[in-house]
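K.L.:
One structure, as structure tokens, below. Some questions next.
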Amino acid sequence: MVEKLKVGIIGTGGIAMGAHIPAYLKCSDTVEIVAVCDVNLAQAKKCADQFSIPNAFESYENMFDEVELDAVSICTPNKFHCDATLKALEAGCHVLCEKPPAMSYEEALRMAVAAQRAGKILTYGFHYRYTPEVEALKRFVDANELGDIYTVKVTAMRRRGIPGWGVFTNKELQGGGPLIDIGVHMLDTALYLMGYPEGETVLASTYQKLGNKPGVGLNGPWDWENFSIEDLAVGMIKFKNGASLLLETAFAANIEEDDVMQVTLLGDQGGAKVFPLKIYQEKHDTLVDLTPVYLQGKKPRDKEIEAFVNGCLGGVHPSSNPEQGAILQLLVQAIYQSAGENKAITLSGVEV
């Protein structure tokens with residue numbers, strides 16, 4: 001009988017109870033969730049009771065001291081990602097940390113170095129990589145069907161989608177707004193399909209035009225009086241390989257659609273839109289559009305957890321790795337820096 005992977009959960013909010021824990025439970029043949037922790041002990045106990053998890057703690061330090069764990073999911077606000085990851089790696093655990101990696105590039109770099117030294121898996125919750133559309137397009141990209149991808153557009157826009165719950169509008173705990181919440185999903189998707197090139201120059205602007213006053217909220221009312229984040233960010237990234245990327249992301253903007261999550265890629269052999277997947281090419285003196293008639297796949301978060309578990313048990317490591325996390329965090333930091341200083345930012349290389 002194969003011994004099961006012993007998993008702990010750090011942070012028992014919506015993402016843990018709605019995604020991580022249910023996905024682990026679907027891997028019950030190889031996984032056992034043995035503990036949860038949350039700074040709100042009552043919430044941790046409630047979570048443990050709901051999912052029949054034997055141990056609940058108020059701190060991850062106590063959890064690591066009292067329970068033997070092989071791996072953890074970190075589902076806390078962004079401010080606590082780095083410390084929780086470092087402590088988990090020190091305790092000998094593999095780590096699946098929710099996105100974004102951290103609050104700064106320096107933190108993401110520390111996490112990457114710690115994972116390397118510990119010899120443990122550190123991966124991030126970029127579950128859009130596991131959508132059927134992205135998995136299929138990655139196969140086309142790897143087969144050179146798009147050729148040299150030289151420019152990409154990234155869109156993560158909501159009409160009035162400011163979260164009316166949690167800490168999403170608290171800059172101190174989250175580090176920013178739509179850019180580091182929904183924008184990083186599409187940015188990571190684009191970078192993943194491009195082969196994760198290193199950035200060279202970033203020019204960006206952020207705006208706070210709608211979130212700091214009352215209005216209609218499609219995700220419920222928000223605390224506009226304490227709205228400390230941007231409600232929209234736009235930017236351009238030039239990469240060292242000559243490629244470029246345009247980004248726009250917003251919790252609230254005067255657009256037609258309620259919610260748009262999209263990546264558009266242009267290569268010299270073909271182009272593509274990802275959601276829904278469509279590929280544009282010239283073949284045999286004919287312009288053609290390729291549209292899948294069927295895409296197989298499980299729920300992206302389920303596949304993300306499966307990939308993490310498989311890696312922890314000695315299989316192929318998850319596709320998202322600490323080096324990519326550091327590259328992404330550097331780009332995000334540069335976007336905010338460029339907007340704050342009102343100038344282009346030149347980047348140095350990422351070395352882990």
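The values are calculated or read from the model by the stated rules, or taken from the named source; none is laboratory data. Note that this is a predicted model, so its numbers are computed, not measured. Counting neighbours? That spans all protein chains shown, and the Cβs are built from the backbone with ideal geometry, glycine included. Quick note on the areas: whole protein, heavy atoms, side chains included, nothing else; ligands and nucleic acids left out. Shrake-Rupley method; radii C 1.70, N 1.55, O 1.52, S 1.80 Å.
K.L.:
Along the positive direction of the dipole of the chain (beta-carbon charges: Lys, Arg +1; Asp, Glu -1; about the Cα centre), which of Asn62, Cys37, Pro292 reaches farthest?
P.N.:
Pro292
K.L.:
Here is a follow-up. Give the aspartates and glutamates reachable from Lys299 as a straight Cα distance under 14 Å; neighbours fewer than 8 places away on the same chain don't count.
P.N.:
Glu133, Glu135
K.L.:
Next up: If you average the alpha carbon positions of the stretch 44-62 and of the stretch 299-331, how far apart do those two centres end up, in angstrom?
P.N.:
25
K.L.:
Next question, about the same structure. More than 18 angstrom separation, counting every C-alpha pair in the stretch 154-215; what % is that?
P.N.:
Summing the P(r) of the stretch 154-215 above 18 Å gives 46 percent of all pairs.
K.L.:
Over 35 Å apart: what share of the alpha carbon pairs of the chain falls there, rounded to a whole percent?
P.N.:
Result for the distance tail: 24 percent.
K.L.:
Now for a different question. Along the charge dipole of the chain, Cβ charges K/R +1 and D/E -1, which of Leu265, Ala71, Phe168 sits furthest on the positive end?
P.N.:
Leu265
K.L.:
Please list log₁₀ I(q)/I(0) at q = 0.12, 0.14 Å⁻¹ for the stretch 97-220, using the Debye equation with identical point scatterers on the alpha-carbon positions.
P.N.:
Reported log10 I(q)/I(0), two decimals: -0.61, -0.81.
K.L.:
Report the rotationally averaged projected area of the stretch 109-161 based on its alpha-carbon convex hull, in square nanometres. Display every interim value, and only then the final one.
P.N.:
On the way: hull surface 26.6 nm².
Answer in nm², one decimal: 6.7.
K.L.:
Enter the accessible area per residue of the chain (Å², integer; probe 1.4 Å; all protein chains in place).
P.N.:
On a per-residue basis, the chain sits at 46 Å².
K.L.:
Considering only protein heavy atoms and a 1.4 Å probe, what is the carbon-and-sulfur percentage of the accessible area of the stretch 21-145? Intermediate values should be presented prior to the final figure.
P.N.:
Numbers: 2440 of 5330 Å².
In the stretch 21-145, the share of accessible area belonging to carbon and sulfur is 46 percent.
K.L.:
Here's a follow-up. Kindly provide log₁₀ I(q)/I(0) values, in the same order as q = 0.16, 0.20 Å⁻¹, from the Debye equation applied to equal alpha-carbon scatterers of the stretch 226-352.
P.N.:
-1.25, -1.31
K.L.:
Can you list the lysines whose alpha carbon sits under 21 Å from that of Lys46, skipping same-chain ones fewer than 8 residues off?
P.N.:
Here the lysines satisfying the reach criterion relative to Lys46 are Lys6, Lys26.
K.L.:
Let me ask you something else. Within 10 Å of each candidate Cβ there may be at most 10 other Cβ atoms; applying that plus a DSSP loop requirement, which chymotrypsin sites (Phe, Trp or Tyr not before Pro) in the stretch 245-318 survive?
P.N.:
Loop-located and lightly packed - Tyr294.
K.L.:
Give, rounded to the nearest 20 debye, the magnitude of the charge dipole that the chain has about its Cα centre when Lys and Arg contribute +1 at Cβ and Asp and Glu contribute -1 at Cβ.
P.N.:
Details: 31 positive and 45 negative charges, 82 e Å.
For the chain, the charge dipole is close to 400 debye.
K.L.:
Just to check, using Stokes-Einstein with a Kirkwood Rh over alpha carbon pairs, what's the diffusion coefficient of the stretch 140-185 at 4 °C and 1.567 mPa s in µm²/s?
P.N.:
98
K.L.:
Placing one identical point scatterer on every Cα of the stretch 77-168 and ignoring solvent, what is log10 I(q)/I(0) from the Debye formula at q = 0.18, 0.26 Å⁻¹?
P.N.:
Debye output, listed in q order: -0.98, -1.19.
K.L.:
Using a probe of 1.4 angstrom, how much of the accessible area of the stretch 289-347 is carbon and sulfur, in percent?
P.N.:
Taking all protein chains in place, the stretch 289-347 shows 51 percent carbon and sulfur surface.
K.L.:
Rank Pro178, Tyr196, Val216 by how far each Cα sits towards the positive end of the charge dipole of the stretch 163-227 (+1 on Lys, Arg Cβ; -1 on Asp, Glu Cβ) and give me just the farthest.
P.N.:
Looking along the dipole axis, the top candidate is Val216.
K.L.:
With all pairs of different alpha carbon atoms counted, what Kirkwood hydrodynamic radius in Å does the stretch 16-102 show?
P.N.:
So the Kirkwood estimate lands at 13.1 Å.
K.L.:
Here is a follow-up. Within the stretch 254-352, report the trypsin sites (Lys or Arg not before Pro) that DSSP leaves as loop and that have at most 16 other Cβ atoms within 10 Å.
P.N.:
Taking the stretch 254-352 and a limit of 16 other Cβ atoms within 10 Å, the loop trypsin sites (Lys or Arg not before Pro) found are Lys298, Lys343.
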